[in-house]
Each structure stands twice: as structure tokens, then as C-alpha cells.
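Worksheet for the structure shown next.
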Amino acid sequence: MSIRIRLRRTGRAAALCAAGILITAGLGATHAAAATPTASPTPTTPTSATASTADAGGAIDAAKALQAVALPGANDWNCRPSAAHPRPVVLVHGTFVTGTLNWIELAPLLKAKGYCVFAPTYGRMPSIPVLAAIAPMERSAAELKTFVDGVLAATGASKIDMVGHSQGGLLPRYYQKFLGGAEKTERYIALAPTSHGTTLSGLATLLQSIKGAPEALLESWCPGCLDQTPGSAFLQKVNAGGDTAPGVEYTVISTKLDYIVTPVASQFLQGPNVRNLYTQDMCWYDLAQHATMQVDSEVLHEVMNVLDPANATRTGCRVLP
């Protein structure tokens, strides 16, 4: 059974190596050599070039610490963008899952098309290490900035394109509006994003009506979930003054069969350089749901079109991307 079929049926996407080098040195000198004084080395002042190299190395190392592990097609830090695809693509995963689980389909597909592909795993909490994207979203946005800075330093590119799913479709907008990300982002594709929060088909609204307990529970184990409930301080901040940031091209792809991020129309953005569409606009019988957007053939094909509009082809009722 293929990965795509498994993911479609389940509705969810389901190493670190360390090495040390020990250097030893022996001491020995003849009496004559010991009697002969040696000149002290002249102190050197780091040049701007060496300082810049050191800064880039530090940025790359910090980004590597956040990379999704064992994700085929992603996080090749020696990759250099081509003339055909001059910007690296950064993939931003959704709540609870890692970058590895979320992008098992898209990362190798992009790599096969010649893109430099990078994906972090962000938002971990020490109390629940098996889950990701559950930390406060402002903290996760700072991790995203660290990761993007490392990608740009490694590839030599000045901008990235970005694809995000669910929380990963909201988080980059904070990065763009408050952490300098708009100047570093050319195209931004959000798949079923929690743009204005979610009622979880009414469940979140119900929980909000119960004073105290649900909020305290979310604060302790998933503050990032609380940030995605309607009216949260995070959402008020990120959406104040408009949904978008200047200079970024936005595409939102949603499905009418989404029962996780509701109301579905709340996923759409308003502002210049925004394109909103449903998967059913591309194929009327498309059955993508929230947790399968990132493996849906119509969605993946349209992602390719947005990233490379000069070579775009018609999307509609496809078997393969």
C-alpha cells in the first residue's frame, strides 16, 4: 500500500546523530630548542569577511538544530538554488505532527523538480516531547525565523518561498509581519490554514463557554492550540491592520470538507496579492479533508503551479500530482 493511500485512509501523517573527535598532542623538545626563544604570534584582528562567515556558520548551525529529521528530499544544506528555481522552499508543518510526518509526500516531489527544500520541526514542549507545534506560537515564530535565516545563509538566496499547512499556514504570517519575514518571502502558500482561528466544528466554542478548566488545560499542554482559538491574543495581534504583509504573494487552498478549521471560509485571507480557492474549484469531486491536504494530488499540483507559474499546467481531477 503506497504512502499516499495510507495517509488518505488514516487522515493523518503518522535521529539525531552525534560524533565527537578527540585530538591529542604530544609534547617534546630538545635542550637546544628549549634554549632558543620563539617569537610570540602576532594577534590578528578578524576581518569583516571572516566575521560574516562566522555569523553565517552560526545561523546554519542554529537552523540545523531545528530541521525535520529523516525527511526524504529535504534539508540538504549543500543545495544551491538553480536559475530555474532561484528560491529555496521552506515547508511549515501543522499542530501536533513533525515536519517529517507532514511533508513525506511534498518534500521529495519538490526535490525531484529541482528545488532546494527545507523543513523544520518547531514548537516542542519539554513536558510532551513526542508532539510538535504545541508551544506558544510567538515562540514558534521565533524558531521559524531562526530556521529561515539559516536556510538563506546556507543557500546564498535572498528570499524563500514557503508552504504551510494548518497552524503552519498561520505561523508564517506572524513571522512576516513582526519578525522581518516579509522582506525574505516571495510566495506563500497556505493549505487549510487557521488564519482566523477555528471553532473545531463548534467544539472550541463550547469549551470557551466553560470557565477556567479548558483554558488552563490548554495552557499547560498546548498553548499553541489556545493561540488558534477565535479571539485569542495571538490572533488579534497577527490580524490587526490587515491579514497580509506588503511584498508577499499569498495563495490559500482550502477544502469544503474541512471539519477541523471551521468555519472553512475563515481560512481565506483578504488583501492585495491574495488568491483564495477550494480544492473543489479545481476538481468538483475532490475529497481532500483537513489532514490530507498535504498529500492530495490536486493540491500538490497546484502548489507546483504557484511556485513555478511560468510552467503551470491545468489542475483538475488528477490521479498524480
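Taking Gly212 as the residue in question, decide whether it is closer than 28 Å to Pro230 by Cβ and modelled with pLDDT under 95. Against the criterion (closer than 28 Å to Pro230 by Cβ and modelled with pLDDT under 95), Gly212 qualifies. When you scan segment 208-321 for helices (runs of 4 or more DSSP H) that lie fully inside it, which ones turn up with 3 or more residues that are closer than 27 Å to Met137 by Cα and open to solvent by less than 70 Å² (accessible area, probe 1.4 Å)? So the answer is 213-221, 223-226, 233-239, 297-307.
When Val90 is tested against (1) surrounded by fewer than 21 Cβ atoms within 10 Å (Cβ to Cβ); (2) of a type in the set (A, V, I, L, M, F, W, C); (3) not in a helix (DSSP H, G or I), just one condition goes unmet, and that condition is (1). Would you check if there is a residue in segment 178-197 being basic (Lys, Arg), in a loop (DSSP other than H, G, I, E, B) and within 25 Å of Val274 (Cα to Cα)? Looking through segment 178-197, none of the residues is basic (Lys, Arg), in a loop (DSSP other than H, G, I, E, B) and within 25 Å of Val274 (Cα to Cα).
Taken over segment 128-149, the criterion of being modelled with pLDDT under 95 and more than 18 Å from Leu226 (Cβ to Cβ) is satisfied by Pro129, Val130. Restricting attention to segment 117-127, the residues that are out of contact with any helix residue (DSSP H, G or I) (no Cβ under 6 Å at 6 or more places or on another chain) and either modelled with pLDDT of 95 or more or not hydroxyl-bearing (Ser, Thr, Tyr) (or both) total 3.
The values are calculated or read from the model by the stated rules, or taken from the named source; none is laboratory data. These figures come from a predicted structure and were not determined experimentally. Methodologically, a virtual Cβ is constructed for each residue, glycine included, from the backbone with ideal geometry; neighbour enumeration extends over all protein chains shown. For accessibility, only protein heavy atoms count, side chains too; no ligands or nucleic acids. Shrake-Rupley method; radii C 1.70, N 1.55, O 1.52, S 1.80 Å.
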